[in-house]
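Engineer: My structure is below; once you've seen it, I'll send some questions.
Values in this text are rule-based calculations from the coordinates and carry no lab data. Computed from a prediction, not measured in an experiment: that's the story for all the values here. In this analysis, Cβ positions are derived from the backbone assuming ideal geometry, glycine residues included, and neighbour counts consider all displayed protein chains.
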Protein chains: 2
Amino acid sequence: MKEPLRIGVAGLGTVGASVIRILNTQASLIEEKTGRPVVVTAVSARDRSKDRGIDLSGYQWFDNAADMAASSDVDCIVELIGGADGMAYETIEKAIANGKHVVTANKALLAKHGLKLAAAAEKKDTALAFEASVAGGIPVIKILREGMSANRIKRIYGILNGTCNYILSRMENERMTFQDCLKDAQKLGYAEADPTFDVEGFDTAHKLALLSSLAFGTEVDADSIYVEGISSISPLDITMAGELGYRIKLLGVAEYGKNGLEQRVHPTMVPKTSAIAQVMGVTNAVTIDADAVKELTLIGPGAGGDATASAVVADLTDVAADAVPLPFGVSAASLIKATSAGMQLHQGGYYIRLMVHDRPGVAAGVATRMAEEEISLESILQKRPDSEQPSADRTGRSGTPVPLVLITYAAEESRIRSALARISADGLTAEEPQLIRIERE
Amino acid sequence: MKEPLRIGVAGLGTVGASVIRILNTQASLIEEKTGRPVVVTAVSARDRSKDRGIDLSGYQWFDNAADMAASSDVDCIVELIGGADGMAYETIEKAIANGKHVVTANKALLAKHGLKLAAAAEKKDTALAFEASVAGGIPVIKILREGMSANRIKRIYGILNGTCNYILSRMENERMTFQDCLKDAQKLGYAEADPTFDVEGFDTAHKLALLSSLAFGTEVDADSIYVEGISSISPLDITMAGELGYRIKLLGVAEYGKNGLEQRVHPTMVPKTSAIAQVMGVTNAVTIDADAVKELTLIGPGAGGDATASAVVADLTDVAADAVPLPFGVSAASLIKATSAGMQLHQGGYYIRLMVHDRPGVAAGVATRMAEEEISLESILQKRPDSEQPSADRTGRSGTPVPLVLITYAAEESRIRSALARISADGLTAEEPQLIRIERE
């Protein structure tokens, strides 16, 4: 029998506690699979006295995780501290420098330092594994890194943030506003006290940056991602989307096209009949479009202690089995520095909701401006949502602005923006237009 | 740079030709990933002269694949001959005996000889990889073998046969009969001239046997699988299912419970809102229910040259990277010989369609017999499908039998069977009852 793989767990929140528990309950299976026991020997966290529901007495305690990363009693560090820099970064860097394997769930850190750390890990021939950093329990990193070598990937997109999907699902099911859903999500522990990071799309962007790199063999480039969150989505948009056969999801989308690498995070209308539209609540999903497999969709838990720990333990099993692939599938040095395709060049369908003044000729005026930009309309819909009663005078006109919804065929974003600017200049609209991109399968 | 991995391809149908083409186009990526070129050096097929759209002149030709498996110019055999025995078996056995790696898409062979071949491969420390054998381009084998070590899997189920799913999708979308759809599927090349193997569920059973083994650590046991095909499904059942909020899919389902291992293949009603219900046409899907990840669903192409070749090439990439896991995730010797749970003990919901004589008291008589077996009914529906006009007399009765549909809560199959036998003995029904099991998420 081989020597045990000795694990040091840095960070003992829900995921850390789950990892320790699962490594105990699954010990014999993991040893059967790898021919080697995987045992926790050391732990580190901020507060030693806190009750975490697990017995830590058998493990060496470190007040400082970076010290643990240098310990000769540890072969592999599980980093669950969080944060793009600080102690998490110091711990990982030190672990690699000391020739130790690293398993982490830290997307923010990898989105920022992934390239540099991967290069360091390669040099030391240690693992830098991060299945848990994207889409929780969905093994999408393994699939991209090890299962797609036959494919040229064209596009990868997904629901990567459970908080946003939970909020959008409840807004639809219970006709609630964003703010009310957010408050409930916070009460239930699905959203942080400061929810900005989740609801404004930054968490999705970090995950997308990692998926992009793995899918296209490009350097991790989170800074170039176009990011738009869900706080502007109104119940009216959700109702309108439903009536038009769509559902609104916050997607991260990456495509490699003639303009370079397009990476974007924004609320997106997906056809109600698509697999991804069925993904409700905190569940995540990722779709890979590729030339050989065509379309592959993975649906599963995006967060939660056990689901995330499942990904960590899968990585640890690979490390124990000596299956240590290159962190990004190919060497960090061979990753391409991609040109970033600006959003102005984005081609796609659009849902545009204008709040127009309720008078004759407005729809015609709007349609004309769209035509001038050579934007073809799939549908144009002027109607009050079912729940609203018009207070119309005899001409059918009310005093308040009414929604006018346009669905366009594929058009360039710059043209859409320019048409909307003209419509606004024409004085046809009473509010800023709502614009939601459509993603087709 | 390491020595190239030299591949011998046995069987040059659509998949074989795709494998050769993809290994050429993806050569540099594969080498970047593994540090080792993967090159085809030899091929074997029945007919040397056939035009396959690829240039075979650079490869050594073998009339006999088993000879190729013994050649010193080959490190790894890709077996795409097909069939549970004969040349496919001989080739694989010889390859392993000669210390060569094997990659195969042959579910029938593995369902029959998988255990023995895995043991042989382990002894020789060679790969026996079979990602392509189940669900085509969906990397479910890799996930079960390498990604689930943190989990106790409770149930695995899926749409594993594209032909059946194509037929059921068309029956629903175009209100066609099974026979008409089958004929069309044959014309389009989605079904074989002799479709028995696909439509009667045997192909699904072979795949399920492999998934079960990987999921539960049990010996491959295809013979114990309960198998029922889709040829008995009528347009009426599809309509009724739709009205009740379900869709009919041919599922393979495996569960490990208190009665042992339950493996079954049968037409199944799944809630229309479930992810698996959205899977239409030749697409496949697999759902894994497990304690840590809860529910993981994978959707992708189940067949086709490129999709299947994608799985073969992924396996070859693992072999080249020296990532050669145990064929069934743990050693063949440690696989458990499971007790097979008989279908009589199956617990689940049922859709039962009776064709009853149209006279008073029939529904009551049926309901009484169900109650005697302590079967609770979720709904009972006596109605003509929308398309059929009743030819009723003044009492509301027609001469022809009418459908009476029952949906039960979870009940034991033996009780259902016994209630149906009594109902039939009571003379209430004019035809054999239709019974479709319901699978809930």
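Engineer: With r as the distance between the Cβ atoms of residue A:180 and residue A:14 and R0 = 22 Å, compute the FRET efficiency 1/(1 + (r/R0)^6) and round to 0.05.
Structural biologist: That pair, residue A:14 with residue A:180, gives E of 0.25.
Engineer: Rounded, prolate or oblate, given the Cα gyration tensor of chain A, with a/c below 1.5 counting as rounded?
Structural biologist: Cα axes put chain A in the prolate bin.
Engineer: A follow-up question, please. Taking chain B as a Gaussian network, Cα atoms linked when under 10 Å apart, which of B:342, B:201, B:260 shows the biggest mean-square fluctuation?
Structural biologist: Looking only at B:342, B:201, B:260, the largest GNM fluctuation is found for B:260.
Engineer: Given H placed 1.01 Å from N in the peptide plane, which residues other than close sequence neighbours of residue B:78 have an amide H under 5 Å from its amide H?
Structural biologist: B:8, B:9, B:10, B:103
Engineer: If you place +1 on the Cβ of every Lys and Arg, -1 on the Cβ of every Asp and Glu, and leave all else neutral, what size is the dipole of the protein assembly as shown about its Cα centre, to the nearest 20 Debye?
Structural biologist: Taking the Cα centre of the protein assembly as shown as origin, the dipole is about 500 debye.
Engineer: Then there's this: Straight-line reach from residue A:294: which aspartates and glutamates have a Cα under 12 Å away, not including same-chain ones fewer than 8 places off?
Structural biologist: Of all the aspartates and glutamates, those that pass the test against residue A:294 - Cα under 12 Å, at least 8 places apart if same chain - are A:441, B:306.
Engineer: What is the Cα centroid distance between the range B:327-381 and the range A:1-58, reported in whole angstrom?
Structural biologist: 43 Å
Engineer: Using θ = phi - 60° and the Karplus curve 6.51 cos²θ - 1.76 cosθ + 1.60, what whole-Hz ³J(HN,Hα) does each residue of the range B:217-229 get, with Gly and Pro shown as x?
Structural biologist: x, 10, 5, 4, 9, 6, 5, 7, 6, 6, 10, 9, x
Engineer: In whole Å, what is the distance between the alpha-carbon centres of the range A:177-230 and the range B:253-301?
Structural biologist: First find each Cα centre; the distance between them is then 30 Å.
Engineer: Right, another one. Size of the dipole of the range B:5-133 about the Cα centre, Lys and Arg at +1 and Asp and Glu at -1 on the beta carbon, nothing else charged, in debye to 20?
Structural biologist: 180 debye
Engineer: Out of A:80, A:115, A:92, whose Cα points farthest toward the positive end of the dipole of the range A:67-223 (charges: +1 Lys, Arg; -1 Asp, Glu; placed on Cβ)?
Structural biologist: A:115
Engineer: Put +1 on the Cβ of each Lys and Arg and -1 on the Cβ of each Asp and Glu in the protein assembly as shown; which of B:278, A:43, A:399 then has its Cα farthest toward the positive end of the dipole?
Structural biologist: Value: A:399.
Engineer: Per residue of A:295-303, what is the mean number of Cβ atoms on other protein chains within 10 angstrom of that residue's Cβ? Working shown, then result.
Structural biologist: Details: counts 6, 9, 10, 8, 9, 9, 5, 0, 0.
If you average over the peptide's residues, the count of other-chain Cβ atoms is 6.
Engineer: Considering only A:353, A:417, A:247, give the residue with the highest GNM mean-square fluctuation for chain A, with springs between Cα atoms whenever their separation is below 10 Å.
Structural biologist: Highest fluctuation among the options: A:417.
Engineer: Could you check what % of the DSSP bridge pairs in chain A are antiparallel, to the nearest 5?
Structural biologist: Given both bridge residues lie in chain A, the antiparallel proportion sits at roughly 65 percent.
Engineer: Once you have a ≥ b ≥ c as the square roots of the Cα gyration tensor eigenvalues for the range B:226-344, tell me rounded if a/c is under 1.5, and otherwise prolate or oblate according to whether a/b is larger than b/c. All intermediate terms of the calculation are to be shown ahead of the outcome.
Structural biologist: On the way: a/c = 2.19, a/b = 1.38, b/c = 1.59.
Since a/c reaches 1.5 but b/c is at least a/b, the shape of the range B:226-344 is classed as oblate.
Engineer: By per-residue mean of other Cβ atoms within 10 Å, what is the highest-first order of A:208-214, A:238-244?
Structural biologist: Per-residue mean Cβ counts within 10 Å order the peptides as A:208-214, A:238-244.
Engineer: Scan around residue A:438 for amide H atoms under 5 Å from its own, H built in the peptide plane at 1.01 Å from N, and keep only partners 5 or more places away or cross-chain.
Structural biologist: It is A:269, A:349, A:350, A:351, by chain and number.
Engineer: Can I ask one more? Ordered shortest first, which distances in nm separate the 7 Å Cα→C-beta label point of residue A:46 from those of the other copies?
Structural biologist: Here the equivalent label points are 7.0 nm apart from this one.
Engineer: Let me ask something else. GNM, chain B, Cα, under 10 Å: largest mean-square fluctuation among B:177, B:273, B:308?
Structural biologist: So, out of B:177, B:273, B:308, the one fluctuating most is B:273.
Engineer: For the range A:113-194, what does the alpha-carbon gyration tensor say about shape, rounded, prolate or oblate, given a ≥ b ≥ c as the root eigenvalues, a/c under 1.5 as rounded, and a/b over b/c as prolate?
Structural biologist: Prolate.
Engineer: Please list 3J(HN,Hα) in residue order for the range B:129-142, calculated via the Karplus relation 6.51 cos²θ - 1.76 cosθ + 1.60 where θ = phi - 60°; whole Hz, with x for glycine and proline.
Structural biologist: Going residue by residue, I get 10, 9, 3, 6, 7, 10, 6, x, x, 7, x, 6, 5, 4 Hz, with x marking Gly and Pro.
Engineer: Continuing with the same structure: Less than 22 Å apart at the alpha-carbon level, and either on another chain or at least 8 residues along: which lysines does that give for residue A:383?
Structural biologist: A:272
Engineer: What value, in deg cm²/dmol to 500, does the helix sum -39500 (n - 2.57) over DSSP H runs of n ≥ 4 give at 222 nm once divided by the residues of chain B?
Structural biologist: -10500 deg cm²/dmol
Engineer: Taking the dipole about the Cα centre of chain B, with the C-beta of Lys and Arg at +1 and of Asp and Glu at -1, give me whichever of B:411, B:363, B:217 is farthest to the positive side.
Structural biologist: So the residue we want is B:363.
Engineer: Using the count of nearby Cβ atoms within 10 Å as a rough guide to exposure, how do B:171, B:176 rank from fewest to most? Let's see the in-between values first.
Structural biologist: On the way: B:171 23, B:176 17.
Fewest-to-most Cβ neighbours within 10 Å comes out as B:176, B:171.
Engineer: Of A:107/A:337; B:123/B:249; A:2/A:142, which pairs sit farther than 29 Å apart, going by alpha carbon to alpha carbon?
Structural biologist: Violating the 29 Å limit, Cα to Cα: B:123/B:249.
Engineer: Read phi for every residue in the range A:43-59 and hand back ³J(HN,Hα) as whole Hz from Karplus 6.51 cos²θ - 1.76 cosθ + 1.60, θ = phi - 60°, with x for Gly and Pro.
Structural biologist: 9, 8, 7, 6, 10, 6, 7, 4, 7, 10, x, 10, 7, 9, 5, x, 10
Engineer: Report, in debye and to the nearest 20, how large the dipole of chain A comes out about its Cα centre when Lys and Arg carry +1 and Asp and Glu carry -1 on their Cβ. Numbers along the way, then the final one.
Structural biologist: Numbers: 45 positive and 57 negative charges, 93 e Å.
Around 440 debye, computed over chain A.
Engineer: Once amide H atoms are built 1.01 Å from N in the peptide plane, which residues 5 or more positions from residue A:430, or in another chain, come under 5 Å H to H?
Structural biologist: For residue A:430, the qualifying residues are A:355, A:356, A:357.
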